[in-house]
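Every number here is computed from the coordinates shown, using simple stated rules; none is lab data. This one's a predicted model, so the numbers in the text were calculated from it and none came from an experiment. Cβ atoms come from the backbone with ideal geometry, glycine included; neighbour counts cover every protein chain shown.
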Amino acid sequence: MWSENKTRVDQIIVSLSQPHVRPIVRGKAGKPTEFGAKLSVSYVDHYVFLHRLSWENFNESQALKAQVKNFKETYGCYPESVHVDKIYRTRENLAWCKERGIRLSRLSLGRPPKNRSTELKKQAQEDESFRNAIEGKFGFIKVKNCNV
């Protein structure tokens, strides 16, 4: 680094016991950097399907279309709804899902309406409880010495 006048190393080893582990800058509050692989998964009928695992940083929102298409190939139809993180709710993904009659979970983009109906609030709560199942799977996987 000194001889080439660089301040960055792309494939730095941060752990001798796990040289494949890379730091990923996520920009989250409290923990701007995370270690370990990034996953892109789907959860269908109490099963978790791994779509992508990478030790490098990637934008999950770009995987939505491929995962939904994979669902259609497997089950013969599009899902009624897709329960996603906020990062997936891009204008492009919203439009693509709307064309196919797929409801994306989470609140819509932009400023929330002043008077949201109780039906929309109830739907948002149901969506969030469904998402808790997949987050619970992530928590289970991250536990040390997990005997899966």
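A few remarks follow.
- Label-point gap, in nm, between Tyr43 and Lys69 - each point 7 angstrom along Cα→Cβ: 2.6 nm
- Listed pairs Lys86/Lys122; Lys38/Lys122; Lys31/Lys72; Lys31/Lys69; Lys6/Lys65 exceeding 28 Å between Cα atoms: Lys38/Lys122; Lys31/Lys72; Lys31/Lys69; Lys6/Lys65
- Inter-site label distance for Asn132 and His51 at 7 Å from Cα along Cβ, in nm: 2.4 nm
- The range 23-142, Rg to Rh (Cα coordinates; Rh as Kirkwood inverse mean 1/r): 0.96
- Amide N proximity, the range 76-95 versus Lys121 label position 7 Å along Cα-to-Cβ, cut-off under 12 Å: none
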